[in-house]
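Asker: Here it is: the structure, laid out below.
The values are calculated or read from the model by the stated rules, or taken from the named source; none is laboratory data. Note that the structure is predicted; figures quoted are calculated from it, not measured. Note: ideal-geometry Cβ built from the backbone for every residue, glycine included; neighbour counts use all protein chains shown. Areas reflect the complete protein model, heavy atoms only, side chains present, ligands, DNA and RNA absent. Shrake-Rupley method; radii C 1.70, N 1.55, O 1.52, S 1.80 Å.
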Amino acid sequence: MKKQLLVLLTAVLLSFGVNAQVKSSETNVLVLIYSQNGGTYKMAKAIAEGIQEYPNTKATIKRVPSINAKEKLNADVEKLPVATIEELANYDGIAFGSPVHFANISADMNYFFSQSIPLWTSRTLEGKPATVFMSAGSGAGKEAAILSFWNILASHGMIIVPTGIMGTATLDKTVPQGNTPFGATSLAGSPVGTRPSQSELNLAKEQGKALARAASGLKNTENIKTVKTTSTETKIDINKTLKDNNIVLPEAPKPVGNYVPFTISDHKVYINQVALKEGKILNPGKVGATVTDDQAKEATYQTMLNVIAVLKEACGGDLNKVKQCVQLTGYFNTTPEYTQHAALMNSASNLTALVFGEKGKHARATIGAASLPINSAVEIQAIFEIE
């Protein structure tokens with residue numbers, strides 16, 4: 001009898017251990033909108049409600065910045081936190097909401113995504129589930145607008161979650177409704193009834209629940225894969241990673257003074273580089289004055305390419321000898337009031353993580369400077385550990 005109890009207890013404990021390993025942490029879903037008069041925001045709240053009805057799932061509503069800083073926004077929308085393009089990587093799924101502007105998404109949302117090139121090149125959003133909802137004054141062009149948004153998401157490799165015929169069972173067919181098989185919409189300009197209508201809000205809620213289900217399922221699948229992975233690290237060929245991601249390293253810049261491009265001490269490689277490309281500084285000048293954020297991010301990406309090119313020389317031509325990126329420090333030539341240094345530095349961090357995987361995770365510092373050598377917008381100091 002004692003032996004049977006011992007076997008039963010052991011089985012329970014083993015089962016508990018496996019369940020504890022695969023139990024997912026909270027699924028975080030972002031509801032990201034542009035809304036001026038509040039119609040899209042009301043739909044966003046219904047989306048978020050549906051997301052949070054799914055077990056162990058949290059919804060966060062944020063807005064994209066307005067192109068026109070003086071634009072008058074709905075009071076509730078004005079209070080929403082403003083998202084940055086880099087933070088999209090931190091969520092397990094994203095619902096995008098926008099008013100329909102001439103059968104397309106709003107200019108503000110479109111401009112926000114124009115800053116996503118570093119996310120695209122590093123494949124950061126690949127495999128994340130996404131869905132789209134909209135608010136249309138007349139209703140004209142709503143399907144075309146959603147499909148145009150889908151093109152952007154597909155380019156990032158996101159998994160698109162449509163609405164299909166969900167919510168149609170409770171649809172009030174006595175008044176015009178904004179339902180589509182692609183995503184919930186509201187006929188904001190309809191003179192019949194309050195907008196968004198209850199049917200439109202119900203569909204948005206179902207859409208949010210569908211997104212949460214997809215995000216949670218994908219996250220749990222990844223967790224199970226992690227549990228099944230052995231402690232033996234899979235060998236990754238850095239050269240294949242560079243080729244697969246179309247990353248071409250430049251020729252390592254040569255010193256122009258009495259110094260060397262790198263030094264090695266106790267298996268640590270120390271490197272400093274600026275935004276040099278083909279013998280010239282890429283996007284020279286001061287960030288916040290003559291250099292835009294996008295230009296600064298491009299310069300930061302180029303600077304990190306130069307760092308990796310020098311690192312390759314330090315490794316005798318074999319980047320597979322890299323054991324860890326220890327520290328990156330970014331120095332940015334900015335105006336005194338500039339504060340977005342960290343967002344600029346993400347271009348370097350994302351590239352490092354893409355090339356070196358787990359070995360690319362590093363400590364980081366970002367510093368503003370009154371000026372930098374040869375008018376470069378950025379300089380990066382890097383420390384790597386090698387074999």
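Asker: Could you check the spin-label model distance between T241 and A169? Points 7 Å from the Cα along Cα→Cβ, value in nm.
Answerer: 4.8
Asker: Within the set of other residues whose C-beta is less than 9 Å from the C-beta of V31, count the net charge using Lys and Arg as +1 and Asp and Glu as -1. Let's see the in-between values first.
Answerer: Values: positive: K45, K62; negative: none.
That works out to +2.
Asker: In angstroms, what radius of gyration and Dmax does the chain have, counting Cα atoms only?
Answerer: 24.9, 83
Asker: Could you state the number of Å between the C-alpha centres of segment 342-378 and segment 88-148?
Answerer: Centre-to-centre (Cα) distance: 27 Å.
Asker: Using Cα springs under 10 Å in a Gaussian network model of the chain, which residue among T121, T185, T170 shows the largest mean-square fluctuation?
Answerer: T170
Asker: Say the cut-off is 31 Å between C-alpha atoms; which of K128/K205; K58/K312; K42/K128; K70/K277; K62/K142 go over it? Display every interim value, and only then the final one.
Answerer: Working: K128/K205 20 Å; K58/K312 43 Å; K42/K128 24 Å; K70/K277 38 Å; K62/K142 22 Å.
From the list (K128/K205; K58/K312; K42/K128; K70/K277; K62/K142), the Cα-Cα distance tops 31 Å for K58/K312; K70/K277.
Asker: Let me ask something else. If you average over every viewing direction, what projected area does the convex hull of the Cα atoms of segment 62-212 give, in nm²? It would help to have the intermediate numbers written out before the result.
Answerer: Values: hull surface 36.0 nm².
Result: a mean projected hull area of 9.0 nm².
Asker: Taking θ = phi - 60°, what integer Hz values does the Karplus form 6.51 cos²θ - 1.76 cosθ + 1.60 yield along segment 59-72, in sequence order, with x for Gly and Pro?
Answerer: 10, 10, 9, 9, 10, 7, x, 7, 4, 8, 4, 8, 5, 7
Asker: With the dipole of the chain worked out from charges on the C-beta (+1 for Lys and Arg, -1 for Asp and Glu) around the Cα centre, which of M134, L73, T84 lies farthest toward the positive end?
Answerer: So the residue we want is M134.
Asker: What does the charge count around F112 come to, taking other residues whose C-beta lies under 15 Å from its C-beta (Lys +1, Arg +1, Asp -1, Glu -1)? Please list the in-between numbers first.
Answerer: Numbers: positive: K62, R63, K297; negative: E71, E86, E87, D108, D293, D294.
That sum, taken over residues with Cβ under 15 Å, equals -3.
Asker: If I stretch the segment between A365 and R123 completely, what's the gain in nm (0.36 nm per residue apart, minus their alpha carbon distance), one decimal? All intermediate terms of the calculation are to be shown ahead of the outcome.
Answerer: On the way: separation 242, 0.36 × 242 = 87.12 nm, distance 2.37 nm.
Net length gain for the segment: 84.8 nm.
Asker: Then there is this: Looking at the chain as a GNM with Cα springs under 10 Å, which of S114, S197, S98 has the largest mean-square fluctuation?
Answerer: Checking each option, the largest mean-square fluctuation is seen for S114.
Asker: Further, regarding this structure: Listed highest first by mean packing, meaning other Cβ atoms within 10 Å per residue, what order do 59-65, 203-209 come in?
Answerer: Numbers: 59-65: 20.0, 203-209: 26.3.
My ranking of the peptides, most packed first, is 203-209, 59-65.
Asker: Right, next: Ignoring ligands, DNA and RNA, what percent of the accessible area of the chain is carbon or sulfur (1.4 Å)? Numbers along the way, then the final one.
Answerer: On the way: 10850 of 19520 Å².
About 56 percent, which is the carbon plus sulfur part of the accessible surface.
Asker: Let me ask another. Calculate one ³J(HN,Hα) per residue across segment 378-387 by plugging θ = phi - 60° into the Karplus curve 6.51 cos²θ - 1.76 cosθ + 1.60, and present them in order as whole Hz with x for glycine and proline.
Answerer: Working through the residues one at a time gives 8, 9, 10, 9, 10, 10, 10, 9, 10, 5 Hz.
Asker: In addition: Using only the Cα atoms, what convex hull volume per residue in Å³ does segment 275-360 have?
Answerer: Numbers: hull volume 7.9 nm³, N = 86.
Convex hull of Cα atoms, per residue: 92 Å³.
Asker: Still on this structure, please answer the following. Which loop-located GluC sites (Glu not before Pro) does segment 310-368 contain, where loop means any DSSP state but H, G, I, E or B and the Cβ has at most 13 other Cβ atoms within 10 Å? Before the final figure, lay out each step's value.
Answerer: Details: sites: E313, E337, E358; in loops: E337.
Answer in residue order: E337.
Asker: Can you tell me what share of the DSSP beta bridges in the chain is antiparallel? A percent to the nearest 5 is fine.
Answerer: Working: 22 of 55 bridges.
The antiparallel fraction comes to roughly 40 percent.
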